[in-house]
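This report concerns only the one structure given below.
The values are calculated or read from the model by the stated rules, or taken from the named source; none is laboratory data. Note that this is a predicted model, so its numbers are computed, not measured. All Cβ positions, even for glycine, are placed from backbone atoms using ideal geometry, and neighbour counts span all protein chains on display. These accessible areas exclude ligands, DNA and RNA; they are computed on the full protein's heavy atoms, side chains included. Shrake-Rupley method; radii C 1.70, N 1.55, O 1.52, S 1.80 Å.
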Amino acid sequence: MTNTLSGSESNLIGYWRFNEGTGTNSLDRTTNARNAVLLNGPLWVPAGTYNLAGPNLFAEYLLDVELADLVPPFITTCTLPAEGQVSSNLVDRFAVGFSEDLAPSTVTNATAYELRNAGLNGLFGDGDDALYAVANSPAYDRGLTASYLVTDGPLQPGLYRFTVGTALTDKAGNPLATAFIRNFAVANVPGFRFENRDNGSFALATSLSTNRIPAADGSLSAAGSLAVGDACYHMAGGLLNGDTNLDLVTANYNGDSVSVLLGNGDGSFARQTDFACGNGAIAPVLGLFNADARLDLAVANYSANAVSVFLGNGDGTFNRVTNYSVGSQPHYIGAGDFNGDGKRDLATANNASDNISVLLGNGDGTFGPAIAYPAGDAPQGLAVGDVNGDLKLDLVTANYSSDDLSLFLGTGDGSFTPAVNLAAENGPRMVALADLNGDGALDLAAVNAAANSVSVLLGMAMVRSRPA
C-alpha cells in the first residue's frame with residue numbers, strides 16, 4: 001500500500017495502516033489511540049514472505065471495516081460566570097462549547113436546558129425558585145459552539161443553576177454521558193440598581209430616587225405626553241425662539257411634516273406647530289445653515305428620497321426653502337463642517353441605496369448636489385465626529401442588514417475615504433459617538449435592534465497637535 005497519511009492530520013477519528021502490525025493488533029496512528037483487533041483469523045504477514053503454507057490464493061479477499069462512534073460528547077466550555085463565582089456583569093446571553101458536532105435538533109430544543117434562580121431564600125428546589133427561558137440564537141446547525149439568549153433576562157441578583165440535560169446528542173445519537181451543571185451568583189453593582197424583569201412598563205418601573213431633587217442624580221419623573229404629528233419618528237432639540245428654554249422638533253412619517261414644540265422652561269411645552277415636508281419625514285437636524293445666528297432645520301424624507309431645508313426666523317417658525325435629492329430612502333441625517341470653510345454641511349444615511357449622501361453648504365441656506373459614498377447594507381443610523389483625532393469630521397453609519405458599521409474618514413476638503421466596516425451584532429439601527437471611557441478619544445455605541453443589544457467599540461486615544 002501507499003501511505004498517504006501520517007495520522008497527525010486534523011479531524012481524523014482514527015487511522016489504521018493494514019500493511020503493518022503485530023499478531024491480530026492494528027495500532028491507531030492518531031492521538032485518539034483507538035487501537036483495533038483483527039477478528040476471524042487474519043494475521044499480519046511480514047513483507048517479503050512469499051511461500052505460504054496451504055493452498056495458493058486464487059480469489060480476491062475483501063477486508064470489511066466497520067467504524068462505530070460510541071464516544072459520548074461533552075461540554076467543553078460555558079461563558080456563564082465560572083462555577084461558584086459571583087458576578088456583577090449584566091448576564092442576558094452566553095455560549096456553550098461542545099467536544100464535537102452535535103445533532104442540531106437537540107441543541108435548538110429549549111427543553112434541553114434549565115436556568116433556575118434559587119429565589120429569596122437562596123435554596124434550590126423549593127417553591128420560591130424562578131425559571132428563566134433559554135433560547136438558542138442564532139439557530140445552531142453545526143460546529144463546536146452554540147449561542148444562547150436569556151429571553152426574559154437579564155438575570156436578577158441571586159443564586160443560579162444552569163443545567164444542560166442529556167437530551168443533547170452527537171450526530172451518531174450518543175447523548176451527553178452526564179448532565180452539565182454550572183452554579184454561580186449574580187450581584188448588584190455597588191451604587192446601582194438592577195431593574196426587575198417583571199416591571200417593564202412606565203407605571204411599574206422602579207424609580208431611581210423616591211423624591212425629585214434639584215441635583216442631577218440620574219432619576220427621571222413623568223412629565224406627561226405631548227401631541228405631535230402622525231407617526232413621529234426621530235426628534236431634535238435646540239433653542240429655536242431666542243429664549244433660554246430648549247425646544248423640540250419631531251419628524252412625522254405619516255404626516256409628512258415636522259412638529260415644533262416650544263419649551264416653557266419648566267419641562268412643559270406649548271402646543272405643537274406643524275410644518276409640511278416631503279413624503280415620509282423621518283429625521284430632523286438643527287444647525288446654522290445661513291449664518292444669521294438663528295437655528296435652521298433640515299429633514300430627511302424617507303419616501304421622497306430628498307432633504308427639506310427650512311430657514312429659521314428666530315421665533316420658532318421656519319420658512320420653507322427647497323428640497324435636495326439624496327440617495328434612496330434616507331433614514332437619518334447629520335450636520336457638520338466637513339470641508340473646514342465654516343459653513344454647515346449635511347449627510348444622510350440611505351437605507352435602500354446602501355450609501356451616504358454628502359451635501360456641502362454654501363453658507364446662505366443652500367447646498368450643493370449630493371455626493372454618494374458606498375456604505376454597508378441598509379444604513380439606517382448616522383453619527384458625525386472626529387474619530388481619528390486629525391481635527392477633520394468623520395462619519396459612521398449603522399448598517400442594519402449587513403450587521404456592521406461603516407466608518408468614513410474625512411479628508412478635510414468635504415470628501416471622505418472609502419468606508420471601513422466594523423463588526424456589530426444583528427441589525428444595528430442607530431449609532432452614537434462619545435468619549436465613553438474618558439481617554440480623550442471618541443468611542444462608538446450602536447443599538448442592535450435584532451439582537452436586543454448595544455455594541456461598544458472603544459476608540460484609540462491619539463495625541464493631537466492643535467494649530468497655534
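Select the strands (runs of 3 or more DSSP E) contained entirely in segment 347-386, then report the ones holding at least 3 residues which are open to solvent by 20 Å² or more (accessible area, probe 1.4 Å).
371-374
Would you mind stating whether residue 142 is part of a strand (DSSP E or B) and either touching a Leu at 6+ places or on another chain (Cβ under 9 Å) or over 22 Å from residue 454 (Cα atoms) (or both)?
Criteria not met by residue 142.
Does segment 109-139 hold any residues that are on the phi > 0 side of the Ramachandran plot and in contact with a Leu (Cβ under 9 Å, 6 or more places away or on another chain), and which are they?
Quick first cut of segment 109-139, residues on the phi > 0 side of the Ramachandran plot only: 119, 122, 125.
Within segment 109-139, 119, 122 qualify.
When segment 387-403 is examined, which residues are found to be open to solvent by 20 Å² or more (accessible area, probe 1.4 Å), out of contact with any Phe, Trp or Tyr (no Cβ under 6 Å at 6 or more places or on another chain) and either over 24 Å from residue 286 (Cα atoms) or without any contact (Cβ under 8 Å) to a residue 60 or more places away in the chain (or both)? If you could, list the steps in order and put the result at the bottom.
Restricting attention to segment 387-403, the residues satisfying the condition of being open to solvent by 20 Å² or more (accessible area, probe 1.4 Å) are 387-388, 390-393, 400-403.
Right, trim to out of contact with any Phe, Trp or Tyr (no Cβ under 6 Å at 6 or more places or on another chain) and you get 387-388, 390-392, 400-403.
Once the filter is applied, which keeps residues that are open to solvent by 20 Å² or more (accessible area, probe 1.4 Å), out of contact with any Phe, Trp or Tyr (no Cβ under 6 Å at 6 or more places or on another chain) and either over 24 Å from residue 286 (Cα atoms) or without any contact (Cβ under 8 Å) to a residue 60 or more places away in the chain (or both), segment 387-403 yields 388, 390, 392, 400, 401, 402, 403.
Of all residues in segment 151-171, count the ones that are part of a strand (DSSP E or B) and surrounded by fewer than 19 Cβ atoms within 10 Å (Cβ to Cβ).
In the first step, residues of segment 151-171 are kept if they are part of a strand (DSSP E or B); the result is 158-164, 169-170.
Of the ones still in play, those that are also surrounded by fewer than 19 Cβ atoms within 10 Å (Cβ to Cβ) are 158-159, 161, 163, 169.
Of the residues in that region, 5 qualify.
Would you confirm whether any residue within segment 226-235 is under 19 Å from residue 287 (Cβ atoms) and open to solvent by less than 20 Å² (accessible area, probe 1.4 Å)?
No: segment 226-235 contains no residue that is under 19 Å from residue 287 (Cβ atoms) and open to solvent by less than 20 Å² (accessible area, probe 1.4 Å).
If the Cβ limit is 8 Å and pairs must be 6+ apart or interchain, which residue in segment 411-424 that is touching a residue at least 12 places away in the same chain (Cβ under 8 Å) pairs with which residue that is basic (Lys, Arg) and buried (at least 18 other Cβ atoms within 10 Å of the Cβ)?
That search, which allows pairs on different chains as well, returns 411/392; 412/392.
Can you tell me which residues in segment 76-108 are more than 14 Å from residue 140 (Cβ to Cβ), open to solvent by less than 60 Å² (accessible area, probe 1.4 Å) and in a strand (DSSP E or B)?
78, 87
Across segment 109-136, which residue is nearest to the chain's Cα centre (by Cα) among those that are buried (at least 17 other Cβ atoms within 10 Å of the Cβ) and closer than 20 Å to residue 450 by Cα?
136
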